Amino acid sequence: MAAAGVVSGKIIYEQEGVYIHSSFGKTNDQDSLISGILRVLEKDADVIVDWRPLDDALDSSSILYAGKDSSSVVEWTQAPKERARGLELVNSYEAEWDMVNTVSFKKKPHTNGDAPSHRNGKSKWSFLFSLTDLKSIKQNKEGMGWSYLVFCLKDDVVLPALHFHQGDSKLLIDSLEKHVVLCESPQDKRTLLVNCQNKSLSQSFENLLDEPAYGLIQKIKKDPYTATMVGFSKVTNYIFDSLRGSDPSTHQRPPSEMADFLSDAIPGLKINQQEEPGFEVVTRIDLGERPVVQRREPVSLEEWTKNIDSEGRILNVDNMKQMIFRGGLSHALRKQAWKFLLGYFPWDSTKEERTQLQKQKTDEYFRMKLQWKSVSEEQERRNSRLRDYRSLIEKDVNRTDRTNKFYEGQDNPGLILLHDILMTYCMYDFDLGYVQGMSDLLSPVLYVMENEVDAFWCFASYMDQMHQNFEEQMQGMKTQLIQLSTLLRLLDSGFCSYLESQDSGYLYFCFRWLLIRFKREFSFLDILRLWEVMWTELPCKNFHLLLCCAILESEKQQIMEKHYGFNEILKHINELSMKIDVEDILCKAEAISLQMVKCKELPQAVCEILGLQDSEITTPDSDTGEDENVGMANCLTPAFQSNSLSVLATSGARDDSPTEIPVSPSVSRLTPA
C-alpha cells in the first residue's frame, strides 16, 4: 500500500525536480506545483519507491569543504556559516604541484541511504510503496511536453502523477527494469504492466539482460570483467534460461559443454571431468583433526608504539605481523601500518628516511599527474586509449562506495581524488591502464590514508600483487581458479563431485571474490580488517584461497541438502554478499591451513600452492608434552613459525572418502579432476 513514512536502505536511483501538480487533483490545496525528490531504495530483500517533497530551508552549517595541507591531505571540515564557500587552500610545500582544487559541496540530507524526515507542511503528499505491490505504470503521450508517470498498485490505488520537469523519466524505468519485468499492455501502449511471475530482486544484469544467449556469450568472451562484475553481481533465472533455452530437455547441460563455454570465456582455463594423462593421482583418506583457533583484539596504538625504537624503526617485525594477523589493527593505526604492510615504507626504515621517501614520492606522483592534466582536448582526441581509460574511470568512480559517507553526495572531494589517482595510475602503468574493479581496490586505501599521494603509492603496491588479475590474458585468474579447485578437492572431494554434477565444478562463481579480494562480499569496515590480515602474508602463501574454501565449506550443507542446481548455486553464493562474518571466516581459514600443514604426505601440488617447503612434518616435543598442532615449523612462513599458536585440538576430519589430487611439477599447468 502507499504510505508516508521514513525508510532507509541502499539508494539505487535518485532524482530531484520531480513534481506533483496538486491542482490537477480533487483537493483545495492552493499549491499547484510541489517539488520533490524521488528515490528507489534496496532494503533487505525488498525494493521501495519513495517520493517526498523537498525541504524548503537550507542550513549552511551542513556545507563541507575539502582543503589540502602541506602533505596533500584532504581534510573534511565543517565550514563556519560565514565561510561556507570560497575557502582558500593552504599552499603545499611545492606550489607547482598544488593541483588539488578546493571543493565545496552541500551535504546530502540523508546519510548512507537513510531518507530524511520532512517537516515542510506538505508531507501529506509523500508516498512510498514496494515493487511487489506495483501493478502497472502509465506514461504520458509523446509530444506532451515534460514526461510524467502514474503508478497503479495491485489494490487499485492510483498514486498522484509524477512530472519529470528535468526529463529522464526513462532512467527510472531502466532502474525498475533491473528488478521487475515490464511489458506493454496489449490494450494501451502507454501502460507498462508488471509481470510478477518473472520478477526477481536479483535481476541485475543491466545491459546483459537485453542480449540473446549468443550475444551474452560473446560479451563474456570479449570482456569477462564487466560480465562478471556487473552481470554476475546478482544471478537470476534469466541468464540460465538464455543459456539453456526453453526446451526442458536442454536444462541439464553436460559438464563438458559447460566446460567448453567457460573455456571460451576464459581462454586457457582447463576444466575436465576426466583424469588428465600424465598426472600423478594421490589418494587421501582424510586430513586428520582440524584445530580450533582463537583471535585476539586488534593491535593498539600503545602496542605499536612500544615496538618502535628512538629512530623510528619497527622492532621485531615478525612478531608485529603475527599480532596483526591474529587481530588486525585498531583504526587509529591503519594510516601508519598499512604503508608498511603494502610495501610503501620499508619495515627497517627510520622516521627520517620515510620523510625523505614521502617527499620524493610526492614529487614523482605529481609529475605523473601533470602528464594527463596537461593533455589538451585536441591531443586526447588523437589518443583513444587515454579517452577510453578516462571514460571508464569516470563511470566507475560515480558508483564506487557511494553509500559510504566518505564518497556520498555530488561533487564529493573523495570522488575527485578517486578519479585523479586512477588517472595518474594510468600514467604509471599505461600498458595496463584502467580495468573495471580497480576502483574497488583503491576506495578503502584512500579512505584510510586520507592523502592523495600516500593513497596512490599504497594502491600501486597493492596493484603489484593484483596485477595478473587484470591483465588481458587473465593468467592470474586462471591460475587461482585451478588452485582453488585443487585445494577444495583435497578438503572435500564429495562436495567437489556434487558441484561438478551441477555444472559448477569450475568454481566460476568465485571469480569476483578473487578478482577484487572479496571487496563486494564484506561490509566496508570488515574489508579493512580482512585486507590487513591478508597483507601480513601469514600463515602461508595464497591464504585468500583458503578463505574461499572456508566460505564454501560453510555453505556446503545448505547447497547439498537443498539439492541446488547450477542456477541456485550461483544465486546463493552471490547473495552471501554482506552476510559473511569476517572473524568466523578468518578462524576457519586459519584452521584449514593448520590442518593441511599438519597432514603427512601432503600432495606436492598443494605444497606448491601454499608455498610449503616440505610435506613431511615432524612433531616436536615440548615441556608439557607433545603438541601436534604446532609441529609445522618446516612449512609455515618464518613470521608464523616463530610464534606459539593458540590452538585447541578438535575432531575435524572433513571427508572419509578417497581424494584424488592431480599433481604436476608446474601448478600453472594443473588440470583439476
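The values are calculated or read from the model by the stated rules, or taken from the named source; none is laboratory data. The structure displayed is predicted, hence computed values, not measured ones. Because the Cβ atoms are built from the backbone with ideal geometry, glycine has one as well, and the counts that use them run over all protein chains shown. These area figures cover heavy atoms from the full protein model, side chains too; ligands, DNA and RNA do not enter into them. Shrake-Rupley method; radii C 1.70, N 1.55, O 1.52, S 1.80 Å.
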- Query: Looking at (1) in contact with a helix residue (DSSP H, G or I) (Cβ under 8 Å, 6 or more places away or on another chain); (2) closer than 30 Å to residue 320 by Cα; (3) surrounded by 13 or more Cβ atoms within 10 Å (Cβ to Cβ), which is the only condition residue 348 fails?
  - Reply: (3)
- Item | So residue 456, is it farther than 13 Å from residue 421 by Cα and open to solvent by less than 10 Å² (accessible area, probe 1.4 Å) | no
- Message: Restricting to the stretch 406-437, name every residue that is in contact (Cβ under 8 Å) with a residue 40 or more places away in the chain and not in a loop (DSSP other than H, G, I, E, B).
- Response: 413, 414, 416, 417, 420, 423, 424, 426, 427, 428
- Of residues in the stretch 151-169 being within 17 Å of residue 129 (Cβ to Cβ) and charged (D, E, K, R), the one least open to solvent (accessible area, probe 1.4 Å): 155
- Restricting attention to the stretch 378-400, which residues are assigned to a loop (DSSP other than H, G, I, E, B) and either of a type in the set (Lys, Arg) or touching a Gly at 6+ places or on another chain (Cβ under 9 Å) (or both)? 382, 399
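Here's the yes/no breakdown for (1) in contact with a helix residue (DSSP H, G or I) (Cβ under 7 Å, 6 or more places away or on another chain); (2) more than 26 Å from residue 297 (Cβ to Cβ); (3) among the small types (Gly, Ala, Ser); (4) surrounded by 18 or more Cβ atoms within 10 Å (Cβ to Cβ):
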residue	(1), (2), (3), (4)
512	yes, yes, no, yes
522	yes, no, no, yes
528	yes, no, no, yes
534	yes, no, no, yes
541	yes, yes, no, no
545	yes, yes, no, yes
573	yes, yes, no, yes
- The one condition residue 403 fails out of (1) assigned to a helix (DSSP H, G or I); (2) closer than 30 Å to residue 10 by Cβ; (3) open to solvent by 50 Å² or more (accessible area, probe 1.4 Å); (4) in contact with a helix residue (DSSP H, G or I) (Cβ under 9 Å, 6 or more places away or on another chain) is (1)
- Query: Just for the stretch 306-321: of the residues that are out of contact with any Phe, Trp or Tyr (no Cβ under 7 Å at 6 or more places or on another chain) and not charged (D, E, K, R), which one is nearest to residue 464 (Cα to Cα)?
  - Reply: 320
- With criteria (1) of a type in the set (D, E, K, R); (2) over 18 Å from residue 353 (Cβ atoms); (3) surrounded by fewer than 16 Cβ atoms within 10 Å (Cβ to Cβ), residue 334 comes up short on (3)
- Residues in the stretch 368-387 that are within 25 Å of residue 457 (Cβ to Cβ) and exposed (fewer than 13 other Cβ atoms within 10 Å of the Cβ): how many? 2
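Just to be sure I understand, how many residues within the stretch 420-461 are of a type in the set (Ser, Thr, Tyr) and either more than 23 Å from residue 408 (Cβ to Cβ) or over 15 Å from the mean Cα position of the chain (by Cα) (or both)? Explain how you work it out, then say what you get.
Filtering the stretch 420-461 for residues of a type in the set (Ser, Thr, Tyr) gives 424-425, 428, 434, 439, 443, 447, 461.
Restricting the remaining residues to those that are either more than 23 Å from residue 408 (Cβ to Cβ) or over 15 Å from the mean Cα position of the chain (by Cα) (or both) gives 424-425, 428, 434, 461.
Number satisfying all stated conditions: 5.
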- Item | Selected residue (only one of 475, 483, 436 is touching a helix residue (DSSP H, G or I) at 6+ places or on another chain (Cβ under 6 Å), modelled with pLDDT under 95, over 20 Å from residue 392 (Cβ atoms) and surrounded by fewer than 24 Cβ atoms within 10 Å (Cβ to Cβ)) | 475
- Query: Can you tell me which residues in the stretch 306-328 are open to solvent by 50 Å² or more (accessible area, probe 1.4 Å) and within 13 Å of residue 539 (Cβ to Cβ)?
  - Reply: 318
- Sort through 133, 168 and tell me the only one that's of a type outside the set (Gly, Ala, Ser), out of contact with any helix residue (DSSP H, G or I) (no Cβ under 7 Å at 6 or more places or on another chain), on the phi > 0 side of the Ramachandran plot and modelled with pLDDT of 50 or more. 168
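Restricting attention to the stretch 140-150, and to residues there that are assigned to a loop (DSSP other than H, G, I, E, B) and out of contact with any helix residue (DSSP H, G or I) (no Cβ under 9 Å at 6 or more places or on another chain), which single residue is surrounded by the fewest Cβ atoms within 10 Å (Cβ to Cβ)? Can you show your working first?
So in the stretch 140-150, the residues assigned to a loop (DSSP other than H, G, I, E, B) come out as 140-146.
Adding the requirement that they be out of contact with any helix residue (DSSP H, G or I) (no Cβ under 9 Å at 6 or more places or on another chain) leaves 141-145.
On the way: 141: 9, 142: 7, 143: 5, 144: 9, 145: 9.
The selected residue is 143.
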- Message: Quick check on my filter: what residues within the stretch 170-191 are touching a Leu at 6+ places or on another chain (Cβ under 8 Å) and open to solvent by less than 20 Å² (accessible area, probe 1.4 Å)?
- Response: 172, 173, 176, 179, 180, 185
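Which one is farthest from residue 519 (Cα to Cα) among residues in the stretch 406-419 that are under 18 Å from the mean Cα position of the chain (by Cα) and open to solvent by 20 Å² or more (accessible area, probe 1.4 Å)? Before the answer, list the steps.
At the first step, the residues of the stretch 406-419 found to be under 18 Å from the mean Cα position of the chain (by Cα) are 406-408, 414-415, 418-419.
Next, only the ones that are open to solvent by 20 Å² or more (accessible area, probe 1.4 Å) stay: 406, 419.
Details: 406: 17, 419: 19 Å.
Within the stretch 406-419, the match that is farthest from residue 519 (Cα to Cα) is 419.
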